[in-house]
Amino acid sequence: MTGHQNGHDTAPEPRGPKHKKDMTRRKVMVAGAGAVAAVAAGGAVVTTASADTTGRTKTTPAGSATASAGEECYRLTSETTEGPYYIDADKIRQDITEDKEGIPFTLRIKVIDSENCAPIRNAAVDIWHCDALGLYSGYESFSEGGGTAPTDAPSGTPSDAPSGAPTGEPPSGGGGGGGGHEEPTSDTRYLRGTWRTDKKGFVTFRTVFPGWYRGRCVHVHTKVHVNGEWTDAGYEGGTTCHTGQFFFDEEAVLASAEVEPYSTSTTERTTLDEDTIYDGSGTQGGLLKLKYRKNDIAKGVTGTITVGVDPDATNTGTAG
């Protein structure tokens, strides 16, 4: 059984020569892969369009590398910090939901070489994000008031938070910026996963719409690894050419906040414009194109984006 787990007996060769720098061995254990589910068809659908760096609205579908989208696809997607809650021993799987409740969310990513718009195949793409109430797997104690809070976490916790609700926060800019990496405090791994891009550069994940926690807008973390090797055990070696985050427009987030369990959260929410990590550059900054049923977002959301990377670069999102 290969790390791909798609029924093939052998894993395709990685794209390009094996990189010689940053060859720290990274290995992920193989787990069962779930099927990717599409958002239910029918009914009125809301399609949100993201703005480019000039502020103009672009209607070209995300993931397109046609001539009409050429101007956009040549841009490097913004790099961000890794954040404190990345785990490099994740599961090779497309369905990362496990038993978490929330609005079904299908995330479709296309990875391209920003210099020539060519799709990058066999890249390993990681995603990870918090659950509907702002908790990260592996780090629940930081959000539930247990353990030692990171040094740059806000002091004190809300005294009137309902039982079972998050009472502490991830580090300031949490999940996105300060505090450095934290070691996991639990064995949970929900809402985390790694999968490979296909020959057209696409990778799809099934998960739930993320919630929020104090200090950050709603977001999903991602990494793109290239020039490694897919083996029976998973993905090994190579370099991390991109570390970034995907963002959600306010209309969709406000709609999600009317649906349980999001509606039970009493945590103060940071808007997209207030966020300290999102750079305001639309698709280039990681803003997703979203589709969902109007007035019925609970049925599910599909998010798409094209990620332009430099496969020869190293962008781990860590200091030093």
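Before moving on, here are some points about what is shown:
- Matching option when the condition is closer than 26 Å to Phe142 by Cα, out of contact with any His (no Cβ under 8 Å at 6 or more places or on another chain), open to solvent by 10 Å² or more (accessible area, probe 1.4 Å) and in a strand (DSSP E or B), among Arg269, Arg206: Arg206
- The set of residues in the range 214-225 that are open to solvent by 10 Å² or more (accessible area, probe 1.4 Å) and either small (Gly, Ala, Ser) or part of a strand (DSSP E or B) (or both) contains only Gly215.
- Matching residues in the range 279-289 - criterion: being open to solvent by less than 30 Å² (accessible area, probe 1.4 Å) and assigned to a loop (DSSP other than H, G, I, E, B): Ser281, Gly286, Leu288
- Residue within the range 223-236 that is modelled with pLDDT under 95 and under 22 Å from Ser137 (Cα atoms) present: yes
- Among the residues of the range 270-302, those that are basic (Lys, Arg) and either closer than 17 Å to Thr222 by Cα or within 19 Å of the chain's Cα centre (by Cα) (or both) comprise Lys289, Lys291.
- The one condition from (1) in contact with a helix residue (DSSP H, G or I) (Cβ under 8 Å, 6 or more places away or on another chain); (2) open to solvent by less than 10 Å² (accessible area, probe 1.4 Å); (3) in a strand (DSSP E or B) that Ala252 does not meet is (3).
- Number of positions in the range 110-143 that are assigned to a strand (DSSP E or B) and within 30 Å of Thr264 (Cα to Cα): 3
- For the range 293-311, a residue qualifies if it is open to solvent by 50 Å² or more (accessible area, probe 1.4 Å) and either assigned to a helix (DSSP H, G or I) or among the small types (Gly, Ala, Ser) (or both), and exactly one does: Lys299.
The values are calculated or read from the model by the stated rules, or taken from the named source; none is laboratory data. Bear in mind the structure is a predicted one, so any value in this text is a computation, not a measurement. Don't worry about glycine lacking a Cβ; one is built from the backbone with ideal geometry, like all the others, and counts go over all protein chains shown. Quick note on the areas: whole protein, heavy atoms, side chains included, nothing else; ligands and nucleic acids left out. Shrake-Rupley method; radii C 1.70, N 1.55, O 1.52, S 1.80 Å.
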